[in-house]
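**Q** Structure incoming, see below.
The values are calculated or read from the model by the stated rules, or taken from the named source; none is laboratory data. Predicted model only: the values in this text are computed from it and were never measured. Positions of Cβ are generated from backbone atoms using ideal geometry, with glycine treated the same way; all protein chains shown enter the neighbour counts.
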Amino acid sequence: MDSRKKAGRDGKKITIRDGDADEALKTLKSKSDFADPVDDMSNAEESEAEADFLDDEQELDNSEDIAKFLKKSKVKDSTEVPEKTDKKTRKKKAAKKRQAKIKGGIKVALVIVFLIAICGSLGFFLLRPKIEQIKLAKEESTPLESDKIYYSPLTGLEVPNQEATTAAATCVMIENSPDARPQSGLAEAGVVFEAVAEGGITRFMAIYQEAKPQLIGPVRSLRITYAEEAKPYQCSLLHMGGADNALSLVRNNSAFRDLEGMYYEGKWVWRQNTAIAGKRRYAPHNVYTNFEKLDALNYQKGYNNSTFGGFARVNPDDPKPEVEQNATWIKIKMSSDLYNPTFTYNADTNTYTRSHTSGGIHQSIAVDGSALNITPTVVVAAKVDAVRRPGPDGYTDYTTIGTNDAFIFQDGTVTIGKWKRDTVDNEMQFIDGDGNIIKLNRGQTWISLYPSNSGSVDWN
């Protein structure tokens, strides 16, 4: 009978027959360091440990082999070996699985990102025309700040930005005696008021906002008619002295921005001692200024902005109505032919060229010596009542508060209506026979205030 030899714990040989092999192995195991406490290991773990033990079993012929076998299999605590080995193995396997899952997840994520990028790019190119259409429609429906159009309240003409619509306005008194002609700065003014100052001699108040001429004059004295017209424009009012009632009004009312030229002579205004347009000027017809000085003076005074409504203006986009031109030549009687103006309509420029009845086109001399024709877009002849000026001088002023006749010339036509002004704080308005406000063309507006008792207006 075949038999195997097994070493026990005491080094003696044990002969095991075939039939008793299983029982003998169990006995040997229970006496070895691999003996397991009861219930410390599950059946599965016990089977696994037993299998490991049997794998190491081999034919042992002598005590030396048995000693080697025992040395190989012995551990301090036999109950911990299967557990430690099993946990370590499971941790390694679990770690490998986690690493495999992470790597797999990264690969899947990269694939997804790649697919999204492809789809996004494809979608962008497919939808790009539609996106461009939506963007264009939005831009058209919401104009950019740079696309907005701003208009001067003084002239109704386009200005570069919103700040220009509230820029400081400046009013300058300019004389019209023959010794003062040709003047400077009249052609560039936005609005000009013309009235008799005294003795039949007319005088101008030129109002500026966006235009900045570099030669203005001759500057002369103030009358109350002009002061009252200046007030609603919130303008700085430059003059060289004036009538007592006018000076009392502007100096005692903080609503006026009084620029008394006599205080600023030699700094903000100067005496012109050389010829202008070949003509030498003498006092008191030789006081001049420019906007380099006026802007500096306004800044020093804190007169940086002006707020006013201005005349109602024709919408530049509205089509011109077809009307018969019935007023292409105008004559306004102010006093005598030396001061009575005429206006001739120019259809090519839609303006009126101003002339003196006594002869010659009325011109304005620029700083470079060039002569500019005075060509307002709108001419208004407004009838005003004469009021005796207080004091012993016997001069006459003209009131512009209330209402009276007005003749509005533009586009070669005349509209007969009324001017209306409720208080000195209001701007003059022009209304037609039905009470509607008459809209004026954009550009320079020239307003001649002719005396109701001695003046008149004619046209053809």
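**Q** Out of the residues in segment 207-251 meeting the condition of being of a type in the set (S, T, N, Q) and closer than 24 Å to A386 by Cα, tell me which one is nearest to the chain's Cα centre (by Cα).
**A** The extreme case among them is T225.
**Q** Continuing with the same structure: Looking only at segment 425-435, filter to residues that are under 35 Å from the mean Cα position of the chain (by Cα) and part of a loop (DSSP other than H, G, I, E, B); which one of those is surrounded by the fewest Cβ atoms within 10 Å (Cβ to Cβ)?
**A** Checking each candidate, the answer is D425.
**Q** For segment 315-342, how many residues are within 14 Å of I201 (Cα to Cα), part of a loop (DSSP other than H, G, I, E, B) and of a type outside the set (S, T, Y)?
**A** The number of residues fulfilling the criteria is 4.
**Q** In segment 218-232, what residues are closer than 18 Å to N298 by Cα and either assigned to a strand (DSSP E or B) or in contact with a Cys (Cβ under 7 Å, 6 or more places away or on another chain) (or both)?
**A** Once the filter is applied, which keeps residues that are closer than 18 Å to N298 by Cα and either assigned to a strand (DSSP E or B) or in contact with a Cys (Cβ under 7 Å, 6 or more places away or on another chain) (or both), segment 218-232 yields V219, A230.
**Q** Residues of segment 376-398 being in contact with a Gly (Cβ under 9 Å, 6 or more places away or on another chain) and not aromatic (F, W, Y), which ones? Steps first, please.
**A** Start the filter on segment 376-398 by keeping residues that are in contact with a Gly (Cβ under 9 Å, 6 or more places away or on another chain), which leaves 376-378, 381, 383-385, 388, 395.
Across segment 376-398, the qualifying residues are P376, T377, V378, A381, K383, V384, D385, R388.
**Q** Here's a follow-up. Determine the pairs where a residue that is at positive phi, located within segment 139-156, has a partner that is assigned to a loop (DSSP other than H, G, I, E, B) and at pLDDT 95 or above with Cβ atoms under 6 Å apart, the partner being 6 or more residues away or on another chain.
**A** G156/R442
**Q** Test E175 against the stated conditions and say whether it is of a type in the set (D, E, K, R) and either farther than 20 Å from E265 by Cβ or not assigned by TED's automatic domain parsing to the domain that holds V424 (or both).
**A** Criteria not met by E175.
**Q** Restricting attention to segment 350-388, and to residues there that are buried (at least 18 other Cβ atoms within 10 Å of the Cβ) and among the basic types (K, R), which single residue is farthest from L154 (Cα to Cα)?
**A** For segment 350-388, the residue satisfying everything is K383.
**Q** Tell me, which residue of segment 202-221 that is in contact with a helix residue (DSSP H, G or I) (Cβ under 7 Å, 6 or more places away or on another chain) and not acidic (D, E) is nearest to D179 (Cα to Cα)?
**A** Out of the qualifying residues, it is P218.
**Q** Please find, among S221, S236, the residue that is over 22 Å from D393 (Cβ atoms) and buried (at least 20 other Cβ atoms within 10 Å of the Cβ).
**A** The conditions single out S236.
**Q** Which numbered condition in (1) surrounded by 13 or more Cβ atoms within 10 Å (Cβ to Cβ); (2) without any contact (Cβ under 8 Å) to a residue 24 or more places away in the chain; (3) among the β-branched types (V, I, T) is the only one that T274 fails?
**A** (1) is the only condition that T274 fails.
**Q** Right, something else. Against the definition (small (G, A, S) and either touching a residue at least 12 places away in the same chain (Cβ under 8 Å) or under 30 Å from P160 (Cβ atoms) (or both)), how does G217 come out, yes or no?
**A** Details: small (G, A, S): yes; either touching a residue at least 12 places away in the same chain (Cβ under 8 Å) or under 30 Å from P160 (Cβ atoms) (or both): yes.
Yes; evaluated as a whole, the condition is true for this residue.
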